[in-house]
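Okay, so here's the structure we're looking at.
The values are calculated or read from the model by the stated rules, or taken from the named source; none is laboratory data. In this text the structure is predicted, and so the values were computed from the model without any measurement. For neighbour counting, all protein chains shown are included, and Cβ atoms are generated from backbone atoms with ideal geometry for every residue, glycine included. Heads up: the accessible areas ignore ligands, DNA and RNA and are worked out on the full protein's heavy atoms, side chains in. Shrake-Rupley method; radii C 1.70, N 1.55, O 1.52, S 1.80 Å.
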Amino acid sequence: SLLTALLFALHPVHVEAIAPMSGVTDTLGMVFLLFSFFHYIKAVGYEGSLIVGQPSSRNLKQNSSGWFDLVSLPDYRRSLLFAFWAVFINELALSLPILFFFYDYFFSRSTRSLRFSFRRAVPFLFIVLFYVWIKSIVLGGIGRGRYLGGSFYLTMMLMLKAWAKYLWLLFFPFALTHN
């Protein structure tokens, strides 16, 4: 796994995300995603987390509706703020609610409830839904555009060609250009 990670981290095909000025938003969005995830872990503070000295989820007060009072924690609010920025900077951050849901479900020692894990991810889901709503108002839809030549088939054939070119460059990274 280390060799695979090094291949994808250091390979010259992947420098386009950080080399040009247009790639700054991709990198910045992922930085905010990681900040959001870090503060979420600090707010939840599981016994098995790497962050020492944080309160466990058993120490959180539960209100009458069954929700844990995470919103009052500063780290949870920071996590929401960074998630908001990440989603509006880079669309890859739309996966944050799923990330938090699975983290909560698989790494929580005190509760392994789907319902509980979903409740903690709901505020992040609202951020994603707000983004989708704003995008549909501004752009008139949530897609990136029409199919190439108006044909789904032609678009998928071009995608296959792009993947083949990517795999070729992955193993034979010669004559790379800015194009």
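Assorted remarks:
- Test: residue in region 147-154 that is over 23 Å from Y40 (Cβ atoms), open to solvent by 50 Å² or more (accessible area, probe 1.4 Å) and at pLDDT 90 or above: yes
- Restricting region 94-143 to residues that are assigned to a loop (DSSP other than H, G, I, E, B) and among the polar types (S, T, N, Q), the residue that is nearest to L34 (Cα to Cα): S108
- A164 falls short of the stated requirement of being assigned to a helix (DSSP H, G or I) and either touching a Pro at 6+ places or on another chain (Cβ under 6 Å) or among the acidic types (D, E) (or both).
- Residues being open to solvent by 40 Å² or more (accessible area, probe 1.4 Å), farther than 12 Å from F84 by Cβ and either touching a residue at least 24 places away in the same chain (Cβ under 8 Å) or not aliphatic (A, V, I, L, M) (or both) - total across region 112-131: 6
- Count of region 74-90 residues, restricted to those that are modelled with pLDDT under 90 and crowded, with 16+ Cβ neighbours inside 10 Å, is 3.
- The C-beta contact set for region 157-172 (first residue closer than 26 Å to L10 by Cβ, second residue among the aromatic types (F, W, Y) and surrounded by 12 or more Cβ atoms within 10 Å (Cβ to Cβ), distance under 6 angstrom, 6+ apart or interchain) is empty.
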